Amino acid sequence: MKSPAGEKGVDTVVHGGQIVTASDVYEGGVAIEGEKIVAIGPPELLPPAQGYIDARGKYVLPGAIDCHIHLGPEYDDWRGGPIAAAHAGLTTLIGFGLYDDRAGETLPHAITRLREETGRQSVLDFGFHFILCNQPYILDGLPEAFGMGVTSFKMFMTYKKRPNRMCSDDFICRAMEIIAAHGGVTQLHCENGDVIDYLENKAIAEGRVEPLHFPGTCPDWVEEEAINRAIKMGGLTGSPVYVVHLSTRLGLERIKQAQALGQRVWTETCPQYLLL
């Protein structure tokens, strides 16, 4: 490929492929300078490049972002996970970060530690949501966390048997106030933890411990009830609410009601919930 003499060049031009945007599919080229797309259009109108990638017969897609992943020692690590993701067309991963709550680690310290550890392994861009446990001290580090680029935080409304994991409504509201004040997003795992714990203990005592007994310990309304509380607390504090892995129609209807009233509430689901 040739370009007009003297024209300022770019690093790379991808040409010959079918470009896919949010609204169109058309043949064209993409000019890249550094890590940014600087032009899209007919290849003959793009600036010269140091390198060219022939994409004939291929689709050229924007890199996808996966905003809900779990990578770490107990899962795929930040080396293998991003390599697999890159093969699937993902360019950015946003994982859930954990601080060492038993050691009293602060959020700023945990962010620095995980950023350094992950940066040595990941072949993709990455970011973090941080999981907050039910410990008041951790809230002190939220303002500094925003300054370090972490703007979303997840809390659990269930898992009563896991130390510090289930957050009280009081703690959630306190966290939401700080998150809202800094323009962040509150993510919530919405299930009524007290009711689930009661039903779980009852089932175990009665010997109902097979997989087929599981749905009886978490009826649909325990998710819907918790989503309703999350929405109300979000409205009280001014915090946007992101309901993670929605699993019930009841919960979806409650979210749609809140959205219709103009509240900033969003959700996601998982393939297994759609299948099962």
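For the reader, a short list of remarks on this structure follows.
- Only residues that are surrounded by fewer than 21 Cβ atoms within 10 Å (Cβ to Cβ), touching a Ser or Thr at 6+ places or on another chain (Cβ under 8 Å) and either without any contact (Cβ under 8 Å) to a residue 12 or more places away in the chain or among the small types (Gly, Ala, Ser) (or both) were counted in segment 203-226, giving 1.
- Candidate set: segment 38-54, residues that are of a type outside the set (Gly, Ala, Ser) and surrounded by 14 or more Cβ atoms within 10 Å (Cβ to Cβ); chosen: the one nearest to the chain's Cα centre (by Cα): 40
- Residue count for segment 164-202, restricted to those that are aliphatic (A, V, I, L, M), in contact (Cβ under 8 Å) with a residue 40 or more places away in the chain and touching a Phe, Trp or Tyr at 6+ places or on another chain (Cβ under 8 Å): 4
- Test: residue in segment 149-158 that is loosely packed, with under 13 Cβ neighbours inside 10 Å, in a loop (DSSP other than H, G, I, E, B) and of a type outside the set (Asp, Glu): yes
- Of everything in segment 58-75 that is outside any strand (DSSP E or B) and open to solvent by less than 90 Å² (accessible area, probe 1.4 Å), the residue that is nearest to residue 153 (Cα to Cα) is 70.
- So residue 91, is it hydroxyl-bearing (Ser, Thr, Tyr), surrounded by fewer than 22 Cβ atoms within 10 Å (Cβ to Cβ), out of contact with any helix residue (DSSP H, G or I) (no Cβ under 7 Å at 6 or more places or on another chain) and touching a residue at least 24 places away in the same chain (Cβ under 8 Å): yes
- Some residue of segment 80-90 being closer than 21 Å to residue 244 by Cβ, touching an Asp or Glu at 6+ places or on another chain (Cβ under 8 Å) and in a strand (DSSP E or B): yes
- Residues that are among the aliphatic types (A, V, I, L, M) and exposed (fewer than 12 other Cβ atoms within 10 Å of the Cβ) within segment 238-276 comprise 260, 261, 274, 275, 276, listed in sequence order.
- Complete set of residues in segment 184-228 that are under 21 Å from residue 242 (Cα atoms) and part of a helix (DSSP H, G or I): 193, 220, 221, 222, 223, 224, 225, 226, 227, 228
- Against the conditions (1) under 30 Å from residue 198 (Cα atoms); (2) out of contact with any Lys or Arg (no Cβ under 7 Å at 6 or more places or on another chain), residue 159 satisfies every one except (2).
- Test set (1) among the β-branched types (Val, Ile, Thr); (2) more than 30 Å from residue 100 (Cβ to Cβ); (3) touching a residue at least 12 places away in the same chain (Cβ under 8 Å) - residue 83 fails condition number: (2)
The values are calculated or read from the model by the stated rules, or taken from the named source; none is laboratory data. Keep in mind that this is a model prediction, so the values were computed, not measured. Cβ: placed from backbone, ideal geometry, glycine included. Neighbour counts: every protein chain shown. Ligands, DNA and RNA are excluded from the accessible area calculation, which covers all protein heavy atoms including side chains. Shrake-Rupley method; radii C 1.70, N 1.55, O 1.52, S 1.80 Å.
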